[in-house]
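A.B. asks: To start, I am sharing the structure in question, which I have written as structure tokens.
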Amino acid sequence: MTPEMRKDSQILLKKGTLWQDIVRTTERAIRSGALLPIPTDYEFVEDSGIRFFVRILSSLKRKEEARRKMEEASVSGKSENPFLPYDGNLFVSDVSESHIALLNKFNVVEHHLLIVTRHFEDQEALLTIEDFEALWACMAEYSGLGFYNGGGAAGASQRHKHLQMVPLPLAPEGPEVPIEPLLAEAKFPSGPGIIHGFPFLHFFSWLPDDIISSTYAAARKTFKLYSIMLREAGLNTPDAEILKKQSAPYCLLLTRHWMLIIPRAREFFDSISINSLGFAGALLVHNKEQIELLKKHGLMFALKTVALPR
């Protein structure tokens, strides 16, 4: 058995089963009341060559109540971790020896998957090869956008390390990921580069066409790219053996075709929280006033404001 096969054997997810498990778990969790989807309307807003997909929340009552309880627990010294123990009604599958897959309890996007470490690791810890391996085990199952909010200033709402994945396409029409028209100009096949249309610090890289042929090979490739991108951005780089803390917040986006990292300056543009999905061209606002604010200032300007300057 080769080292690569031995590494792949750490994956517990049975190939060809994840999507069906997500659908079945979703149906069961809705019936039991464990899953509480948050309804939205949406608008498309064009700016800087991107047709941004902006969801407008119909109700934040459920999520705000959960956030309030967690804040109260934090103040009282009883920090609450929804992943330890996790709600069994939200459990989708074992992914690897180090990760499990859960549904996002307060989902805005249907079939929103959380890829969570079995044991506590801080969300500000740098990603590991095992994190990438678990993510790629899921990415190989169906077309999705994987992302990671590295710390509170990057939009993370929980301290327990969790990667996330949402199905593609992100919007009901247009490209699978709204920012893709700007990516088409990227002509650097051998390593990370800069997208001309992004007015903020970032690093982008295309991935090999056969990236999903081996979970562990994909993990090694993207872990190496992740390290290079962080170093180019002036941030701490991970260690293959030792868990290290990030030196600054950042967002990570990944598909089967490309990978993007954006260092962050802050979470909010005015009152609007922006996480990794914002840099994919999909934003979330609380009300019509917030979407009008985005239209007034420009969505690309909002992203530039919460990122670092180029």
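A.B. asks: Between Asp87 and His196, what is the FRET efficiency for a Förster distance of 35 Å, r being their Cβ-Cβ separation, to the nearest 0.05?
C.D. replies: 0.20
A.B. asks: For the range 78-156, run through the chymotrypsin sites (Phe, Trp or Tyr not before Pro) and keep only the ones in DSSP coil with at most 16 other Cβ atoms within 10 Å of their Cβ.
C.D. replies: Sites meeting the loop and neighbour criteria: Phe120, Tyr142.
A.B. asks: In the calculated pair distance distribution of the range 130-249, what percentage of Cα-Cα distances lie above 19 Å?
C.D. replies: Beyond 19 Å sits 56 percent of the P(r) for the range 130-249.
A.B. asks: Going out from 0 in 10 Å bins, what whole percent of all Cα-Cα distances in the range 262-308 drops into each bin?
C.D. replies: Calculated over all Cα pairs of the range 262-308, the distribution is 29, 63, 8 percent.
A.B. asks: State which helices in the chain qualify, where a helix is a whole DSSP H run, it must extend 20 Å or more along its own axis by its Cα atoms, and its mean Kyte-Doolittle hydropathy must be at least -1.0.
C.D. replies: What comes out of the filter, once short or polar helices are dropped, is 18-32, 215-232.
A.B. asks: Rg over Rh of the range 211-298, using C-alpha atoms and the Kirkwood radius, what does it come to?
C.D. replies: Numbers: Rg = 16.3 Å, Rh = 15.2 Å.
That ratio is 1.07, to two decimals.
A.B. asks: Let me test this: with uniform point scatterers at the alpha carbons of the range 91-150, what is the Debye-based log₁₀ I(q)/I(0) at q = 0.12, 0.26, 0.28 1/Å?
C.D. replies: Log10 of I(q)/I(0), two decimals: -0.27, -1.34, -1.48.
A.B. asks: Taking Cα pairs under 8 Å and at least six residues apart, what relative contact order does the chain come out at, in percent?
C.D. replies: 21 percent
A.B. asks: Given the options Arg24, Arg51, Arg118, state which has the largest fluctuation in a GNM of the chain using a 10 Å cut-off (strictly under) for Cα springs.
C.D. replies: Arg24
A.B. asks: Given a Förster distance of 30 Å, report the FRET efficiency between Glu80 and His286 from their Cβ-Cβ distance, rounded to the nearest 0.05.
C.D. replies: 0.80
A.B. asks: Using DSSP loop states and a limit of at most 16 other Cβ atoms within 10 Å to flag GluC sites (Glu not before Pro), what is the longest stretch of the chain containing no flagged site?
C.D. replies: Result for the longest clean stretch: 1-79.
A.B. asks: A follow-up question, please. Would you pull out the residues with amide H under 5 Å of Glu121's amide H, same chain only if 5 or more places away, H placed 1.01 Å from N?
C.D. replies: Lys161
A.B. asks: By what distance, in whole Å, do the Cα atoms of the chain stretch along each of the three principal axes, largest value first?
C.D. replies: Per principal axis, max minus min of the Cα coordinates gives 59, 49, 39 Å.
A.B. asks: How high is the relative contact order of the range 216-310, given as a whole-number percent (alpha carbon pairs under 8 Å, six or more residues apart)?
C.D. replies: RCO, the range 216-310: 21 percent.
A.B. asks: What FRET efficiency, computed as 1/(1 + (r/R0)^6) with R0 = 41 Å and r the Cβ-Cβ distance, is obtained for Arg231 and Glu97, rounded to the nearest 0.05?
C.D. replies: 0.90
A.B. asks: For the range 117-143 and the range 152-191, what is the separation of their C-alpha centers, rounded to whole Å?
C.D. replies: Answer, in whole Å: 16.
A.B. asks: Further question on the same structure: Pop a pseudo-label 7 angstrom from the Cα along the beta-carbon direction at both Glu176 and Asp210 and give the gap in nm to one decimal.
C.D. replies: It works out to 1.9 nm between the two label points.
A.B. asks: In nm, give the distance between the simple-model label positions of Arg28 and Asp239, each being 7 Å from the Cα along the Cα-to-Cβ direction.
C.D. replies: Output for this residue pair reads 4.1 nm.
A.B. asks: Moving on to the next point. How many nm separate the modelled label positions at Leu12 and His257, each set 7 Å beyond the Cα in the direction of the Cβ?
C.D. replies: About 3.4 nm separates the two model spin labels.
Read-outs: derived from the displayed coordinates by stated rules, not from any lab. These figures come from a predicted structure and were not determined experimentally. Neighbour counts are summed over all protein chains in view; Cβ atoms, including those assigned to glycine, are modelled from backbone coordinates with ideal geometry.
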